[in-house]
Amino acid sequence: MANDKRSRRDPWYVRCALIGSTVGIVGFLILLPLADLFTQAFALGAVAYWDGLANNADTRHSIWLTLAIAPVSVAFNTVFGVAAAWTIARFRFPGRAILTTLIDLPFSVSPVVVGLIFVLLLGPNTRVGGWLLGHDYKVIFAPPAILLVTLFVTFPFVARELIPIFEAVGSEEEIAARSLGANGWQMFWRVTVPNIKWGLIYGIILCNARAMGEFGAVAIVSGKIAGQTETMPLRVQKLHEGLSEADKAAAFALASVLTLLSLVTLLIKVGIERKFRAERRAPE
Amino acid sequence: MLRSVSILLAAAYLLAAGVWILSSGVVRRSSGTELINVACDPTRELWDELNPKFCARYETQTGSPVAIRNSHGGSASQAMQVKSGFEADVVTLAMWSDTDAIRKAGLMDDGWETRIDGGSLPYLSTIVFVVRTGSEKTRDLRDWDDLIARDDVRIIVPNPKMSGNGKWAFLAAWGSVKRRGGSDAEAEEFVKQLFQRTNGLDPSARAATENFAKNGQGDVHLTWENEAHLEVNQSGGKLRLINPPASVRAEPHVAVVDSVARKKGTAAAAKAYLEYLHTEEAQRVIAKHYYRPTHPEVARESAEQFDRAGKIELFPVVPTIGASWDGIDTRFFVKDGIFDRIYDRGKSP
Amino acid sequence: MNTVNRRVLPGFGLGLGTTLTYLTVLVLIPLGFCFWTAAELSWDDFWQAVADPKAVAAYKLTFGASFLAGVVNVVIGLIVAWTLVRYEFPAKRLVDALVDIPFALPTAVAGMIYANLYMPDGWLGRYLVPLGIEGAFSRTGIVLVLIFTGFPFVVRTVQPVLEDLDAETEEAAGVLGASRWQTFRRVILPSLIPPAITGFSLAFARAIGEYGSVVFISANTPETTIAPMRIVALQLESTNADRASATAEAAAIASVLLLVSFAMLILINLFERWNRRYGQ
């Protein structure tokens, strides 16, 4: 590689020290905890692992709830993300810079604050929440609130990934498609989507990872009702608070499922990056 | 072909998931088959065992199935959640005042204590000590005043403003001084000394148990009797139970949240659920989890398991400490009450 | 280009409409409501809530621990980024991929594992605790999990800059007789400072809001209560009489956190814009 020449110039002891530190840092911060997690999850054996996951109705419900909340939030935020990125990257209009900053906003808001503001706004004792409850609709302490806070915390992921990609790709092909007579949707599905495909998938998997793992905001709005509003991370905590060895193992088993899901996310990410590079290199 | 099928499937899944989530917000009036039990923290294992038993019995008796969902947390926090709209059908909190706060908020009818056949007190409990086996620091610990005999003893107890465990422990400590004729000033000095030795205050009973039993924090754990037995039994000899000669008579009340139950049409099932607690079957489960049963016969049978580490004389909070619960709450636990005075001033520099 | 685009490309109205509606309903109205609730307090009460000793202790810990974690992340992030860009070694690709784990792993899981590792009978705790190093249930533990959650930021901001670094300048410096260390200090380091600052601010901004991982490793003592935990406590503390004010107090502390995170966000954006214009 091109770096070889320069890298050789660093004295060998510097090189060894830095590589050693890097491996040490990553091992200590990331690998060791992961190893610990799986060891704890299997502490009572594979049978107990499966038992902890599959033979508890509340745990199963939490898995289903997370598997419902995450894709729905991702779908909403994907539609929004594409719309926002299209608007911001393709057009110039007053307030564009402010809009770009506002989209980033949810990244910097503490999840606890997110939970709090939705309770303040839609809690049963508030005007809006009270009105809804009067019409037999519960938001706070019910799954709709979990969806709302998840939407909030995962709001920017897709848009943020797409804006730079839209800018990099440029609008020439789209303009060409239009001038050849394609209507807006044809242009979007045939030209725009294929161009931003990898960025879109990348944004979606990051959004999904965060949606499945959200804890603080969900903890505040859900009421933590077993079998009803407990998502996987909340269930992990509930199991972890049980005192028996079986509870502890079950907590780590469920946590290991979340971890596996995040490892899958990373695999897809690595795959996309490789594909993306290959596609970029191909025309050269 | 394959592609359009998978897109269709994904869309169908998304739609189904979306509909499920959104429709789960609709309050079901007529069904009456699902009860939410908002409970205090240490009763997790108890309800895990009682709920299926009740559900089976209810179904055979009435022919209609019922499911029970539990939520756990610090007792005062749970009451707070119910007051701010958490739709609980029944509350099984740690103390009268937490339950009555829900009545004060207009969610429960007056006289809730007497509306369940058998009463609102299916079990009693108390506060005891747990120490680490073989620890030099707690070798001579027998009674309440031994807790402050050494400066280096760290006490684990949850926050009295959030947790029933914390509140009962505070009141037990205060009462231990009053019972032997001590003055209010002496009692205040004692609890101040005691809370100066705390290692911070956990938000709920179970969080404190985790901190003490699992995380190895602190030297003495002031906890519910049932929680103490549970953690000592789980510890494999590493923890030791100490029954003080006297402690508070803790009364965890249970009640139907009338306004919610009426609205959801669950009033009958909720009442049956709480009345079931007085059956002999339930009382045996209660005793098995080291709550003190109120059924006379079961109480007699199980007396031995509670006295094994020494008989505890249980004193009631009213009138040992105050004339009424309301008075006790305003005196000790509201903002700038005695607890804030001794804890904030005692702790922060 | 602007006017051309709007005439040629469709969807401006639809896109802007969707974006603004969604943003307003989901983000702006709820956030505005937080300030609104806090504003129900009189100025004195607001100040009392915000400057309450417990709240102040919580801010100090939040900002202090986040800052410390950010600084550590700058140091280790630079080392890791440098190694990943400049050197070849076995399993390099694996290490590179592992760097992103903190982005993908739920923070609550991270907090739980860290607590388990550093508690007195954990894998690391059993060696560290006898030495007096309390890695769990202490402030150290909080800094540790914040380092974990913020770890990828510095690495990922510095990496592309290192990759694009002009090889010729560096070689010229060498030819002109600069030692390796001098080249690093005078030529390479200056261009690494802006991305490191960006990475630091991102990690810092993330850390001040972090909750999920910290609750697992905090000992619930006043010394280990961060600001988000204080908000939760205010929401749930009794007793009956002071309910409304407790909610408003929680909103007041939340407003402070919100203002700080807005400020961070604006600073980061300004810094990046300034850096793009004058940095190179």
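The values are calculated or read from the model by the stated rules, or taken from the named source; none is laboratory data. Quick caveat, the model's predicted, so the values are computed rather than measured. Here Cβ is always computed from backbone atoms with ideal geometry, including for glycine, and neighbour counts include all displayed protein chains. Note: accessible area is taken over every heavy atom of the protein model, side chains too, but ligands, DNA and RNA are not part of it. Shrake-Rupley method; radii C 1.70, N 1.55, O 1.52, S 1.80 Å.
Points to keep in mind about this one:
- Scan of the stretch B:136-150 for residues that are more than 22 Å from the chain's Cα centre (by Cα) and closer than 26 Å to B:P203 by Cβ, ordered by number: B:K137, B:T138, B:L141, B:L147, B:I148
- Top-ranked residue in the stretch A:17-30 [being more than 7 Å from chain C (Cβ to nearest Cβ) and within 22 Å of C:F103 (Cβ to Cβ); ranked as least open to solvent (accessible area, probe 1.4 Å)]: A:G27
- When C:P222 is tested against (1) open to solvent by 50 Å² or more (accessible area, probe 1.4 Å); (2) away from chain B (no Cβ under 14 Å), just one condition goes unmet, and that condition is (2).
- Residue in the stretch A:207-222 that is on the phi > 0 side of the Ramachandran plot, in contact (Cβ under 8 Å) with a residue 40 or more places away in the chain, part of a loop (DSSP other than H, G, I, E, B) and crowded, with 23+ Cβ neighbours inside 10 Å present: no
- Any hit, the stretch B:269-290, residues being among the small types (G, A, S), closer than 23 Å to B:W168 by Cα and either open to solvent by 30 Å² or more (accessible area, probe 1.4 Å) or not in a strand (DSSP E or B) (or both): yes
- A:V14 vs. criteria open to solvent by less than 20 Å² (accessible area, probe 1.4 Å) and farther than 30 Å from B:R44 by Cα: no
- Leading residue by the ranking (nearest to the other protein chains (Cβ to nearest Cβ)) among those in the stretch A:31-55 that are of a type in the set (G, A, S) and open to solvent by 30 Å² or more (accessible area, probe 1.4 Å): A:A35
- Matching entry among B:N233, B:N226 (being assigned to a helix (DSSP H, G or I), in the same structural domain as B:I155 (by TED's automatic domain parsing) and surrounded by fewer than 19 Cβ atoms within 10 Å (Cβ to Cβ)): B:N233
- Hits in the stretch C:77-91 (condition: open to solvent by less than 10 Å² (accessible area, probe 1.4 Å) and outside any helix (DSSP H, G or I)): C:Y87
- Filtered by the rule that a residue be in a loop (DSSP other than H, G, I, E, B) and at the interface with chain A (Cβ under 8 Å from one of its Cβ atoms), the stretch C:92-119 gives C:V99, C:D100, C:L105, C:P106.
- Helices (runs of 4 or more DSSP H) enclosed by the stretch C:168-227 - at least 3 residues per element that are within 30 Å of B:Q217 (Cα to Cα): C:189-209, C:212-217
- Identity of the residue in the stretch B:1-52, under 21 Å from the mean Cα position of the chain (by Cα) and more than 12 Å from chain A (Cβ to nearest Cβ), that ends up surrounded by the fewest Cβ atoms within 10 Å (Cβ to Cβ): B:E49
- Top-ranked residue of the stretch B:77-93 - restricted to ones that are outside any loop (DSSP other than H, G, I, E, B) and touching a strand residue (DSSP E or B) at 6+ places or on another chain (Cβ under 9 Å), ranked as modelled with the lowest pLDDT: B:Q81
- Positions within the stretch A:103-125 being at the interface with chain B (Cβ under 9 Å from one of its Cβ atoms) and either of a type in the set (S, T, N, Q) or open to solvent by less than 10 Å² (accessible area, probe 1.4 Å) (or both), in sequence order: A:G123, A:N125
- Some residue of the stretch B:293-316 being open to solvent by less than 50 Å² (accessible area, probe 1.4 Å), of a type in the set (K, R) and assigned by TED's automatic domain parsing to the domain that holds B:D89: no
- Reported count of residues in the stretch C:1-46, each being farther than 19 Å from A:A84 by Cα, facing another protein chain (nearest Cβ under 8 Å) and not hydrophobic (A, V, I, L, M, F, W, C), is 2.
- Top-ranked residue of the stretch A:84-102 - restricted to ones that are polar (S, T, N, Q) and within 7 Å of chain C (Cβ to nearest Cβ), ranked as surrounded by the most Cβ atoms within 10 Å (Cβ to Cβ): A:T87
- Of all the residues in the stretch C:85-109, those that are over 30 Å from C:Y211 (Cα atoms) and free of Cβ contacts under 8 Å to residues at least 40 places away in the same chain number 7.
- Scanning the stretch B:326-339 for residues that are assigned to a helix (DSSP H, G or I), open to solvent by 20 Å² or more (accessible area, probe 1.4 Å) and either of a type in the set (A, V, I, L, M) or without any contact (Cβ under 8 Å) to a residue 12 or more places away in the chain (or both) yields B:G327, B:T330, B:R331.
- Residues in the stretch A:263-284 that are out of contact with any Asp or Glu (no Cβ under 9 Å at 6 or more places or on another chain) and within 11 Å of chain C (Cβ to nearest Cβ): A:L263, A:V264, A:L267, A:I268, A:G271, A:E273, A:R274.
- Qualifying residue in the stretch C:157-167 (condition: part of a helix (DSSP H, G or I), more than 10 Å from every other protein chain (Cβ to nearest Cβ) and hydrophobic (A, V, I, L, M, F, W, C)): yes
- Beta carbons closer than 9 Å, at least 6 apart along the sequence or on distinct chains, pair a first residue in the stretch B:205-227 that is facing chain C (nearest Cβ under 9 Å) with a second that is part of a strand (DSSP E or B) and of a type in the set (G, A, S) for B:N211/B:G200; B:Q217/B:G200.
- Every condition in (1) more than 9 Å from every other protein chain (Cβ to nearest Cβ); (2) of a type in the set (A, V, I, L, M); (3) under 28 Å from C:F148 (Cα atoms); (4) open to solvent by 10 Å² or more (accessible area, probe 1.4 Å) holds for C:L265 except the one numbered (1).
- Residue that is in a helix (DSSP H, G or I), under 16 Å from B:Y276 (Cα atoms) and out of contact with any Pro (no Cβ under 6 Å at 6 or more places or on another chain), where the choices are B:L8, B:L46: B:L46
- So B:K167, is it of a type in the set (D, E, K, R), crowded, with 16+ Cβ neighbours inside 10 Å and in the same structural domain as B:D340 (by TED's automatic domain parsing): yes
- Residue count for the stretch C:57-77, restricted to those that are out of contact with any helix residue (DSSP H, G or I) (no Cβ under 6 Å at 6 or more places or on another chain) and closer than 17 Å to A:I19 by Cα: 1.
- Selected residue [modelled with pLDDT under 95, more than 21 Å from B:G216 (Cβ to Cβ) and surrounded by fewer than 21 Cβ atoms within 10 Å (Cβ to Cβ)] from C:D96, C:D100, C:D121: C:D96
- Boolean, A:V158 is touching a Cys at 6+ places or on another chain (Cβ under 6 Å), closer than 30 Å to C:R7 by Cα and part of a helix (DSSP H, G or I): yes
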